[in-house]
Amino acid sequence: MSHIMLDIETLDTTQSAVVLSIGAVVFDPFSKQLGEKFYVEFTTDLDTQQRVGRTVSAATVTWWMQQGAAAKQIFADPAPEGVRRVSTAQGLTEFASFVARNGGKEVQLWGNGADFDNVIVGSLFDSFGLAKPWSYGKNRCYRTMKRLFGENVKLRRQGVHHNGLDDAITQAVHLQEIFACMKPQ
């Protein structure tokens, strides 16, 4: 069974948030193995998201203005070297293919919060009339695991804080360490 850690960056904290980027990494929770990575940005297509009812909050925009320069590269024009910016529909189609290659409806999709990453991306698929590539019954909550079992496992940041892919990798590695601590010796 495959596991994918998902992390997104948004312009709101509600289910209908405009999504700036999707980052994801395949991982084995019971080893130190990381697999295929996925990252796209939609910052050239935000108006399309708003036309289909996606939302922006002033509080989240203000929060973004307070972040470091590295995190704010998501708004740079042109995109930083190596970053792919695509239309939302194209990015969702690519993400669906990524999920299909890595377990499809059987994938365990982990997000940082039972009501955030997975729910918002699912809603984004709905907004664009696309089928979600994972089963709702396979949603998993990294935040819950972190709160319940992560107190003895220090989170070690990897990469840029508030970059979807770097955050997904950091969270996957942390979850692997949590699972390792839970294994009977």
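The values are calculated or read from the model by the stated rules, or taken from the named source; none is laboratory data. Bear in mind that the values here come from a model prediction, so they are computed numbers and not experimental data. Heads up, the Cβs are rebuilt from the backbone with ideal geometry, glycines too, and the neighbour counts pull from every protein chain shown. Heads up: the accessible areas ignore ligands, DNA and RNA and are worked out on the full protein's heavy atoms, side chains in. Shrake-Rupley method; radii C 1.70, N 1.55, O 1.52, S 1.80 Å.
Any idea how many residues of the range 38-72 are in contact with a helix residue (DSSP H, G or I) (Cβ under 6 Å, 6 or more places away or on another chain) and within 27 Å of Glu177 (Cβ to Cβ)?
Of the residues in that region, 2 qualify.
If you go through the range 15-28, how many residues are open to solvent by 40 Å² or more (accessible area, probe 1.4 Å) and either of a type in the set (Phe, Trp, Tyr) or closer than 26 Å to Ile178 by Cα (or both)?
Of the residues in the range 15-28, 1 are open to solvent by 40 Å² or more (accessible area, probe 1.4 Å) and either of a type in the set (Phe, Trp, Tyr) or closer than 26 Å to Ile178 by Cα (or both).
With Ser31, Ser2 as the choices, which residue is of a type in the set (S, T, N, Q) and crowded, with 18+ Cβ neighbours inside 10 Å?
Ser2
Of the conditions (1) assigned to a helix (DSSP H, G or I); (2) more than 16 Å from Ile22 (Cβ to Cβ); (3) open to solvent by 50 Å² or more (accessible area, probe 1.4 Å), Leu155 satisfies every one except a single condition; which number is it?
That leaves (1) as the condition not met.
Among what's in the range 23-49 and is in a loop (DSSP other than H, G, I, E, B) and among the acidic types (Asp, Glu), pick the residue that is modelled with the lowest pLDDT.
Per the stated criteria, the residue is Asp45.
So in the range 1-35, with the set limited to residues that are among the acidic types (Asp, Glu) and touching a helix residue (DSSP H, G or I) at 6+ places or on another chain (Cβ under 7 Å), which one is farthest from Val99 (Cα to Cα)?
Filtering first and then ranking leaves Asp12.
So that you can scan it fast, the table gives a plain yes or no per residue for (1) open to solvent by 80 Å² or more (accessible area, probe 1.4 Å); (2) of a type in the set (Gly, Ala, Ser); (3) in a helix (DSSP H, G or I); (4) in contact (Cβ under 8 Å) with a residue 24 or more places away in the chain:
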position: Ile74; (1), (2), (3), (4): no, no, yes, yes
position: Val83; (1), (2), (3), (4): no, no, no, yes
position: Ala89; (1), (2), (3), (4): no, yes, yes, yes
position: Thr93; (1), (2), (3), (4): no, no, yes, yes
position: Val99; (1), (2), (3), (4): no, no, yes, yes
position: Lys105; (1), (2), (3), (4): yes, no, yes, yes
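So that you can scan it fast, the table gives a plain yes or no per residue for (1) closer than 24 Å to Ala71 by Cβ; (2) open to solvent by less than 60 Å² (accessible area, probe 1.4 Å):
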| site | (1), (2) |
| --- | --- |
| Gly113 | yes, yes |
| Gly129 | no, no |
| Lys132 | no, no |
| Gly137 | no, yes |
| Met145 | no, yes |
| Gly150 | yes, yes |
